[in-house]
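Participant: Following this message is one structure expressed as structure tokens.
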Amino acid sequence: MNSEIYEKPIIKKLQTGFMNKFGTGVFKHIRRDIDGVAVEELAEQYGSPLFVFSEKELRKSYRKLYNSFSNRYPNVLFGWSYKTNYLDAICSILHQEGAIAEVVSEFEYKKAKRLGINGRNIIYNGPFKSMQSLEEAAEDGAMINIDHFEEIQDLEDVAKKLNKKIKVGIRINMDTGIVPQWSRFGFNLESGQALDAVKRISYGGHLILSGLHCHIGTFILEPSAYAQEVKKMVDFAYKIEDKFSYKIEYLDIGGGFPSKNRLKGVYLPPEVVVPAIDEFAEAVCDTLLESLKPNDFPKLILETGRAIVDTTGYLITTVHAIKRLPDGTRAYVIDAGVNSLFTSFWYKFNIEMDREVSGTAEPSMINGPLCMNIDVIDESVNLPPLERGMKLIISPVGAYNVTQWMQFITYRPAVCMISEDGEAQLIRKKEDINNIIEQEILPERYKFDK
């Protein structure tokens, strides 16, 4: 005879002014498949946890973004932000769509070249560029955006070594009304530091300034901030041309456009809070056309990452354990933690189940498998009583998680792609013990004598 497991009744204090936490009814967020491939089938084939990307959504997302800008301005170029997601399959699809590579390290530069990207189609940003990588980039004809005065000197030394003048851009930072203001990278415009950098380049005589780069922040929700950025960049470009006779060939406005994700602490859903990409495109392109001189159309470069890839990625996880915390909160342990979902510190993801479950939903905590108290995927999500072995699908997780994930306590999971014709394809293997120890060296004197 089967008997139900006894569970002690829980009494929780209701806060005046808040909704009854136990009056939420049945949880309705169900996802049985991703692009037509069953969640259970994916987990059986590739294991759990498992990152899953949609090729169809990735291409659709890129085309929507590109068309929003190219329909409004005649000279647009996209640089795919490698730091957002540098998996070969992701990068290759976006290169097929027409994006060049935007990298911020020597590692990413080499990864782009390994994929067959010509150096002339690489934007090289970042505050730390080794002399060796600068020399390689200069020889390749890459677009190098200078971050600090020392880098000016480094590139002058490279120019002397190569016996040629090198075309460069400079990164600038400015006040666009965004708080906090990103001022760590590049040369500040308002203080005159950016103009000093141009003077330094001009006096050196070994570099040719041909572009301006600016990245005002991340997850920017104000299109007007980009309008201010563009206006200031155009004004500065003409000031440079008038004073130093450099022709500014491109204006790189960086990225920072938000995805349809939900920041923690934001009450309204992304569909309400996050502006449509057309609003950003209008702010940027209208300001450009109003500010530029007649028949002057410098290349508009965008380095969009999150807004393209975030909503194309999912993480399939499995419920491993169920418990009650001392305050009565129901908590679930799943097989993926903050080592795989680094962005869970900032975002409240969509949580979906692979099947319907009866029972009243209640605020529950979702923890990962790490032996760390900070391993919390969601502090409070309304869920019905889940059973061990159930699958939870977490989204959107396509941006930054597979570049910021850590090999900590557990292996990093496999990653697969659902192709446009509905076929699941492995694009990164799950790690095992050999991947972890292959770089280690155990000297003979330290070997354990059994």
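Participant: With the condition kept exactly as written, say whether any residue in segment 196-218 is in contact (Cβ under 8 Å) with a residue 60 or more places away in the chain, under 30 Å from F349 (Cβ atoms) and not aliphatic (A, V, I, L, M).
Facilitator: Within segment 196-218, one or more residues are in contact (Cβ under 8 Å) with a residue 60 or more places away in the chain, under 30 Å from F349 (Cβ atoms) and not aliphatic (A, V, I, L, M).
Participant: Also: If you take the residues of segment 260-303 that are in a strand (DSSP E or B) and of a type in the set (A, V, I, L, M), which of them is modelled with the lowest pLDDT?
Facilitator: Filtering first and then ranking leaves L263.
Participant: How about segment 188-228: which of its residues are more than 18 Å from Y246 (Cα to Cα) and among the polar types (S, T, N, Q)?
Facilitator: Selection gives N188, S191, T218, S224, Q228.
Participant: Also, quick follow-up: Is there any pair with a first residue in segment 308-336 that is on the phi > 0 side of the Ramachandran plot and a second that is assigned to a strand (DSSP E or B) and surrounded by fewer than 24 Cβ atoms within 10 Å (Cβ to Cβ) whose Cβ atoms are under 9 Å apart and which are 6 or more apart or on different chains, and what are they?
Facilitator: Correct list of pairs: empty, since none qualify.
Participant: For segment 173-229, name all the residues that are within 22 Å of A307 (Cβ to Cβ) and in a helix (DSSP H, G or I).
Facilitator: P223, S224, A225, Y226, A227, Q228, E229
Participant: Kindly indicate the residue of segment 175-228 that is charged (D, E, K, R) and within 23 Å of D154 (Cα to Cα) and also nearest to the chain's Cα centre (by Cα) among those meeting that condition.
Facilitator: So the residue we want is R184.
Rundown of residues vs (1) closer than 30 Å to T287 by Cα; (2) of a type in the set (K, R); (3) touching a Leu at 6+ places or on another chain (Cβ under 8 Å), yes/no style:
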position	(1), (2), (3)
K129	no, yes, no
A137	no, no, no
N163	no, no, no
I166	no, no, yes
T176	yes, no, no
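Participant: Quick test of your reading of the structure: E156 fulfils all but one of (1) surrounded by 22 or more Cβ atoms within 10 Å (Cβ to Cβ); (2) touching a His at 6+ places or on another chain (Cβ under 6 Å). Name the failing condition by number.
Facilitator: It fails just one condition, (1).
Participant: Quick check on segment 43-54: of everything there that is under 24 Å from the mean Cα position of the chain (by Cα) and either surrounded by fewer than 15 Cβ atoms within 10 Å (Cβ to Cβ) or among the hydrophobic types (A, V, I, L, M, F, W, C) (or both), which residue is nearest to D335 (Cα to Cα)?
Facilitator: Among residues in segment 43-54 that are under 24 Å from the mean Cα position of the chain (by Cα) and either surrounded by fewer than 15 Cβ atoms within 10 Å (Cβ to Cβ) or among the hydrophobic types (A, V, I, L, M, F, W, C) (or both), the one nearest to D335 (Cα to Cα) is L50.
Participant: Pull out all pairs, ordered by first then second residue, where Cβ-Cβ is under 7 Å, the residues are six or more apart or on different chains, the first lies in segment 168-190 and is at positive phi, and the second is assigned to a strand (DSSP E or B).
Facilitator: As it stands, the answer is G186/I170; G186/R171; G186/I172; G186/N173, since those pairs meet every condition given.
Participant: Please determine, by comparing only the residues of segment 223-268 that are out of contact with any Cys (no Cβ under 9 Å at 6 or more places or on another chain) and among the basic types (K, R), which one is nearest to V179 (Cα to Cα).
Facilitator: K264
Participant: Please determine whether any residue of segment 436-448 is in a strand (DSSP E or B) and within 25 Å of E108 (Cβ to Cβ).
Facilitator: Among the residues of segment 436-448, not one is in a strand (DSSP E or B) and within 25 Å of E108 (Cβ to Cβ), which makes the answer no.
Participant: Can you name the number of the only condition in (1) free of Cβ contacts under 8 Å to residues at least 24 places away in the same chain; (2) over 30 Å from S61 (Cβ atoms); (3) touching an Asp or Glu at 6+ places or on another chain (Cβ under 8 Å) that G119 fails?
Facilitator: For G119, the exception is condition (2).
Participant: Just need a number here: residues in segment 129-146 that are over 25 Å from H95 (Cβ atoms) and either outside any helix (DSSP H, G or I) or among the hydroxyl-bearing types (S, T, Y) (or both).
Facilitator: 1
Participant: Please go through segment 344-392 and pick out each residue that is under 19 Å from L50 (Cβ atoms), in contact (Cβ under 8 Å) with a residue 60 or more places away in the chain and in a loop (DSSP other than H, G, I, E, B).
Facilitator: Answer for segment 344-392, where residues must be under 19 Å from L50 (Cβ atoms), in contact (Cβ under 8 Å) with a residue 60 or more places away in the chain and in a loop (DSSP other than H, G, I, E, B): F349, D354, R355, L386, R388, G389, M390.
Participant: Report, by residue number, each residue of segment 260-291 that is among the acidic types (D, E) and free of Cβ contacts under 8 Å to residues at least 60 places away in the same chain.
Facilitator: E271, E279, E290
The values are calculated or read from the model by the stated rules, or taken from the named source; none is laboratory data. This structure is a prediction, so every number in the text was calculated from the model and none was measured. Methodologically, a virtual Cβ is constructed for each residue, glycine included, from the backbone with ideal geometry; neighbour enumeration extends over all protein chains shown.
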